[in-house]
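Engineer: Structure incoming, see below.
The values are calculated or read from the model by the stated rules, or taken from the named source; none is laboratory data. Computed from a predicted structure; not experimentally measured. Here Cβ is always computed from backbone atoms with ideal geometry, including for glycine, and neighbour counts include all displayed protein chains. For accessibility, only protein heavy atoms count, side chains too; no ligands or nucleic acids. Shrake-Rupley method; radii C 1.70, N 1.55, O 1.52, S 1.80 Å.
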Amino acid sequence: MYKLYVNPKNKKGHINRELQGNFSEHLGRCIYEGLYVGENSDIPNVNGMRCDVVDALKEMKLPVLRWPGGCFADEYHWKDGIGPKETRKKMINTHWGGVVEDNSFGTHEFMELCRQIGCETYINGNVGSGTVQEMSEWVEYMTFNGVSPMANLREKNGHKEPWTVNYFGVGNENWGCGGNMRPEYYGDLYRRYQTYVRNYGGNTPIKKIACGANAGDYHWTEKVLETCFDHGNGFMDGMSLHYYTLPTGNWSKKGSATEFDEKDWYRTLNKTLYMETLIKRHGAIMDQYDPDKKIGMIIDEWGTWYDVEPGTNPGFLYQQSTMRDALVAAINLNLFNKNCDRVKMANIAQLINVLQAVILTEGDKMLKTPTYHVFNMFKHHQDAELLDSSLATDLIGLEDGVKVPNLTESVSLGTDGKIHITLGNLSLSDDYDLEGVFTETELKSVKGEILTAGMTDRNTFDNPETVRTEAFTGASVKGNILTVKVPAKSVLHLAVEI
Ligand code: AHR
C-alpha cells in the first residue's frame, strides 16, 4: 500500500494557469493547416481559424500561446505579416522545411486566434536578426493606445483598438539558432532591447522574458543573470528554459514515436525526469540573484522529440503521440505544479502537428492526442493552490541506471473548492494500491477520470478514440482517507469534495 499524505491546511503556492501553456511556431503544419486555413477554406472556420481546433483548445482551457517561434522568431520581421494579404512578402522558411511562407498569418491573425480561444498572448521578438527599432515598433504597433505612427498603421490595417501583449520574449535560443551568442553578449543585448519593450499607460503591463538556457547549460543562466540582474522591477519578469525529452538522448537518432519497446518506455520517462534536476539547479542559480523568486522560470519549450513520421518532410517535425507521451506530459505537469514557487509558465512544443502536439490534423479531420487528454485532466489545477503532499515511491525499470519512480503526483485546492489530485503510474505492468491520508479533513466524495491504454496505443484519423479519458470508479473515501487502485500505465485525475 502506497501512502499519499496531503495537508489541505498547508498551501505551498499558486499554480499559475500559464503552466499549461502551449507554443505555435511557423513550422510544418502547425500554423498553416493546423490552426489557420484561411477565410475561403471549405473547412469550417471563423476569420480563417479552424472551428474544430479552436473549440478543442477552449475545452482544454488553453491559457496562453507563444508565437511566432522558436527559431523562426529570430528570422521573423513582423512588418512582412501585416497589411493586405495579397501584398505580403513571400519568403522561404529556411529553418523549417524550405517551404514558402506567404505571411498570411501575422500579428492580426495571431491576436484574432487568441481572442477566439480566450487565451493570453506571448509574443517572441527577434534579437538574432532584428533591430531594436523593429522590436520597439512592434510593441508600439500592438499596444499603443492613441496617436502614434505604429498605432495609426494598425488602425489603417483594420484594428483601431490596441491588443494586450501579456508576455514578450526578448529573443529565442540566442545561444543557438537565435544568433550563436555568448551569454555575456546576449545579456548586454537583453539590457538594451528590453528597454524598448515599453509599457504604454493604461495597458496590462507586458512581462518580459529573457532567453534562458538550453537544458543543463548552467553557465548561461549564471552569466546572463550576472550581466542583467540588479535593475529593479520590470527589467526582467522571466527567464526561459528549454528541455526536450529524447528517448536516446542522441539528436541524430532520437528514436521512433510509435515503434518502441519496454526499455524505450522507461528510458523516455527517465529522460523526462531530468526536468526536475534542471528546475532545481537553474532555480538555485536564480535564487542567488532573486531569492524572493520575482523572476519566473519560463519553461517555454518542453516535450518529446522523436524521429519524424516516416515519409514526412524532416523539416516539419511531425510525430505521432502514444500513451508514453501521456506519461511524459503528466510527469512534467506534476513537476511544474510542485515547483510553482519558481516555475511561472510552461509551453509544450508544439500545439498542432509538430513534436508533442495536443492536436493532429489531416485535411478537414482533427484528432486529440493522448497528450491533449492529459492537459484536459490537469486543467483543474489552473489557478489552484498547491497543497502540501508527499508520496513515498519505489524505483522501477528494466535496466540499471535507468530507473524511474513508479508514481508521480500533485495535489491542489481548486478554484471550485475541491481537492484535485493528478497521478501518473509509470509502470507498464503493475497496478498500485494507494491510500490518501488527509490531515484533519473530512472527505465527502470523490469523482475520477482516467487515461490508460496499451504502451504504443495512439489515436489515428481512422480510430481517433483509441486513447481517451473515461470515468474512473476505482476510488472511494471514508473519513479522512481516500482509497484508490492506480492501474498500470495510466494518468488519473481525482476530484475530492471536502
Ligand atoms: O520547437 C522546435 C524548435 O526547437 C524551436 O524552433 C527551437 O526554439 C528549438 O530548438
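Engineer: What about residue 110, is it open to solvent by less than 60 Å² (accessible area, probe 1.4 Å), in a loop (DSSP other than H, G, I, E, B) and at pLDDT 95 or above?
Structural biologist: Details: open to solvent by less than 60 Å² (accessible area, probe 1.4 Å): yes; in a loop (DSSP other than H, G, I, E, B): no; at pLDDT 95 or above: yes.
No: the conditions fail for residue 110.
Engineer: Report those strands (runs of 3 or more DSSP E) wholly inside segment 320-432 carrying at least 2 residues which are in contact with a Ser or Thr (Cβ under 6 Å, 6 or more places away or on another chain) and at positive phi.
Structural biologist: Working: elements: 343-349, 359-362, 365-368, 385-391, 407-413, 419-425.
Counting at least 2 such residues, we get no strands (runs of 3 or more DSSP E) at all.
Engineer: Based on what the data block shows, is residue 56 crowded, with 20+ Cβ neighbours inside 10 Å and away from the ligand (no atom under 16 Å from the Cβ)? Steps first, answer last, please.
Structural biologist: Working: crowded, with 20+ Cβ neighbours inside 10 Å: yes; away from the ligand (no atom under 16 Å from the Cβ): yes.
Yes; evaluated as a whole, the condition is true for this residue.
Engineer: Still on this structure: Scanning for something of a type in the set (Gly, Ala, Ser), surrounded by fewer than 23 Cβ atoms within 10 Å (Cβ to Cβ) and closer than 18 Å to residue 254 by Cβ, does segment 300-318 turn up at least one residue? Steps first, answer last, please.
Structural biologist: Taking segment 300-318 first, the residues of a type in the set (Gly, Ala, Ser) are 303, 311, 315.
If we keep only those that are surrounded by fewer than 23 Cβ atoms within 10 Å (Cβ to Cβ) too, we end up with 311, 315.
Adding the requirement that they be closer than 18 Å to residue 254 by Cβ leaves 311, 315.
Scanning segment 300-318 turns up at least one residue that is of a type in the set (Gly, Ala, Ser), surrounded by fewer than 23 Cβ atoms within 10 Å (Cβ to Cβ) and closer than 18 Å to residue 254 by Cβ.
Engineer: Since residue 443 meets every condition but one in (1) open to solvent by less than 30 Å² (accessible area, probe 1.4 Å); (2) under 30 Å from residue 259 (Cβ atoms); (3) without any contact (Cβ under 8 Å) to a residue 60 or more places away in the chain, which condition does it not meet?
Structural biologist: Against the list (1) open to solvent by less than 30 Å² (accessible area, probe 1.4 Å); (2) under 30 Å from residue 259 (Cβ atoms); (3) without any contact (Cβ under 8 Å) to a residue 60 or more places away in the chain, residue 443 comes up short only on (2).
Engineer: Based on what the data block shows, is residue 122 of a type outside the set (S, T, N, Q), in a strand (DSSP E or B) and either modelled with pLDDT of 95 or more or surrounded by fewer than 20 Cβ atoms within 10 Å (Cβ to Cβ) (or both)? Before the answer, list the steps.
Structural biologist: Numbers: of a type outside the set (S, T, N, Q): yes; in a strand (DSSP E or B): yes; either modelled with pLDDT of 95 or more or surrounded by fewer than 20 Cβ atoms within 10 Å (Cβ to Cβ) (or both): yes.
It is true that residue 122 is of a type outside the set (S, T, N, Q), in a strand (DSSP E or B) and either modelled with pLDDT of 95 or more or surrounded by fewer than 20 Cβ atoms within 10 Å (Cβ to Cβ) (or both).
Engineer: Looking at segment 297-319 only, could you name the residues that are of a type in the set (Phe, Trp, Tyr) and closer than 24 Å to residue 169 by Cβ?
Structural biologist: Residues of segment 297-319 of a type in the set (Phe, Trp, Tyr): 302, 305-306, 316, 318.
302, 305, 316 - these are the residues of segment 297-319 that are of a type in the set (Phe, Trp, Tyr) and closer than 24 Å to residue 169 by Cβ.
Engineer: Assuming residue 315 fulfils every condition listed in (1) over 22 Å from residue 57 (Cβ atoms); (2) more than 16 Å from the ligand (Cβ to nearest atom); (3) among the small types (Gly, Ala, Ser) apart from one, which condition is it?
Structural biologist: Condition (2) is where residue 315 drops out.
Engineer: Residue 180: free of Cβ contacts under 8 Å to residues at least 24 places away in the same chain, part of a loop (DSSP other than H, G, I, E, B), open to solvent by 60 Å² or more (accessible area, probe 1.4 Å) and over 21 Å from residue 342 (Cα atoms), yes or no? Let's see the steps before the verdict.
Structural biologist: Values: free of Cβ contacts under 8 Å to residues at least 24 places away in the same chain: yes; part of a loop (DSSP other than H, G, I, E, B): yes; open to solvent by 60 Å² or more (accessible area, probe 1.4 Å): yes; over 21 Å from residue 342 (Cα atoms): yes.
For residue 180, the condition - free of Cβ contacts under 8 Å to residues at least 24 places away in the same chain, part of a loop (DSSP other than H, G, I, E, B), open to solvent by 60 Å² or more (accessible area, probe 1.4 Å) and over 21 Å from residue 342 (Cα atoms) - is met.
Engineer: Can you pull out every residue in segment 127-149 that is touching a residue at least 12 places away in the same chain (Cβ under 8 Å), open to solvent by less than 20 Å² (accessible area, probe 1.4 Å) and either over 28 Å from residue 344 (Cβ atoms) or touching a Pro at 6+ places or on another chain (Cβ under 8 Å) (or both)?
Structural biologist: 142, 143
Engineer: When the residues of segment 182-209 are narrowed to those that are of a type in the set (A, V, I, L, M, F, W, C) and out of contact with any helix residue (DSSP H, G or I) (no Cβ under 6 Å at 6 or more places or on another chain), which ends up nearest to the ligand (Cβ to nearest atom)? Give the steps one after another, and end with the answer.
Structural biologist: Of all residues in segment 182-209, those of a type in the set (A, V, I, L, M, F, W, C) come to 189, 197, 206, 209.
Narrowing the set further to residues that are out of contact with any helix residue (DSSP H, G or I) (no Cβ under 6 Å at 6 or more places or on another chain) leaves 189, 206, 209.
Values: 189: 17, 206: 21, 209: 13 Å.
Top of the filtered list is 209.
Engineer: Let me ask something additional. Might you check whether a residue that is within 16 Å of the ligand (Cβ to nearest atom) and open to solvent by less than 60 Å² (accessible area, probe 1.4 Å) occurs anywhere in segment 78-96?
Structural biologist: Yes, segment 78-96 contains at least one residue that is within 16 Å of the ligand (Cβ to nearest atom) and open to solvent by less than 60 Å² (accessible area, probe 1.4 Å).
Engineer: Within segment 235-260, can you find the residues that are within 13 Å of the ligand (Cβ to nearest atom), without any contact (Cβ under 8 Å) to a residue 60 or more places away in the chain and in a strand (DSSP E or B)?
Structural biologist: Listed by number, the residues that qualify are 241, 243.
Engineer: Specify which of the listed residues (221, 227, 195, 164) is within 30 Å of residue 85 (Cα to Cα) and β-branched (Val, Ile, Thr).
Structural biologist: Details: 221 fails: within 30 Å of residue 85 (Cα to Cα); 227 fails: within 30 Å of residue 85 (Cα to Cα); 195 fails: within 30 Å of residue 85 (Cα to Cα).
One residue alone meets the criteria, 164.
Engineer: What is the residue count in segment 22-46 for residues that are within 15 Å of the ligand (Cβ to nearest atom) and either open to solvent by 40 Å² or more (accessible area, probe 1.4 Å) or under 30 Å from residue 440 (Cβ atoms) (or both)? Talk me through it step by step, then tell me what you get.
Structural biologist: From segment 22-46, those within 15 Å of the ligand (Cβ to nearest atom) are 22-31, 34; that's our starting set.
Next, from what is left, pick out any that are either open to solvent by 40 Å² or more (accessible area, probe 1.4 Å) or under 30 Å from residue 440 (Cβ atoms) (or both): 29.
Number satisfying all stated conditions: 1.
Engineer: If the requirement is being polar (S, T, N, Q), more than 28 Å from residue 237 (Cα to Cα), more than 16 Å from the ligand (Cβ to nearest atom) and touching a helix residue (DSSP H, G or I) at 6+ places or on another chain (Cβ under 7 Å), which of these qualifies: 322, 371? Explain how you work it out, then say what you get.
Structural biologist: Details: 371 fails: more than 16 Å from the ligand (Cβ to nearest atom).
Of 322, 371, the one residue that is polar (S, T, N, Q), more than 28 Å from residue 237 (Cα to Cα), more than 16 Å from the ligand (Cβ to nearest atom) and touching a helix residue (DSSP H, G or I) at 6+ places or on another chain (Cβ under 7 Å) is 322.
Engineer: Whether any residue in segment 126-142 is under 25 Å from residue 197 (Cα atoms), under 18 Å from the mean Cα position of the chain (by Cα) and within 16 Å of the ligand (Cβ to nearest atom) is what I want to check. Give the steps one after another, and end with the answer.
Structural biologist: We begin by selecting, within segment 126-142, every residue under 25 Å from residue 197 (Cα atoms); these are 126-142.
Of the ones still in play, those that are also under 18 Å from the mean Cα position of the chain (by Cα) are none.
No: zero hits.
Engineer: Based on this model, can you work out whether residue 19 counts as modelled with pLDDT of 95 or more, away from the ligand (no atom under 16 Å from the Cβ) and either among the hydrophobic types (A, V, I, L, M, F, W, C) or over 22 Å from residue 389 (Cβ atoms) (or both)? Spell out how you get there, then give the answer.
Structural biologist: Values: modelled with pLDDT of 95 or more: yes; away from the ligand (no atom under 16 Å from the Cβ): yes; either among the hydrophobic types (A, V, I, L, M, F, W, C) or over 22 Å from residue 389 (Cβ atoms) (or both): yes.
Yes: the conditions hold for residue 19.
Engineer: Could you pull out the residue among 351, 333 that is of a type in the set (A, V, I, L, M) and either open to solvent by 10 Å² or more (accessible area, probe 1.4 Å) or closer than 23 Å to residue 28 by Cα (or both)? Talk me through it step by step, then tell me what you get.
Structural biologist: Details: 333 fails: either open to solvent by 10 Å² or more (accessible area, probe 1.4 Å) or closer than 23 Å to residue 28 by Cα (or both).
Residue meeting the stated conditions: 351.
Engineer: Considering 238, 179, 212, 171, which residue is on the phi < 0 side of the Ramachandran plot and in contact with a helix residue (DSSP H, G or I) (Cβ under 9 Å, 6 or more places away or on another chain)?
Structural biologist: Details: 238 fails: in contact with a helix residue (DSSP H, G or I) (Cβ under 9 Å, 6 or more places away or on another chain); 179 fails: on the phi < 0 side of the Ramachandran plot; 171 fails: on the phi < 0 side of the Ramachandran plot.
Only one candidate qualifies: 212.
Engineer: Take segment 163-208 and flag every residue that is more than 16 Å from residue 71 (Cα to Cα), at pLDDT 95 or above and touching a Phe, Trp or Tyr at 6+ places or on another chain (Cβ under 6 Å).
Structural biologist: 167, 183, 197, 206, 207, 208
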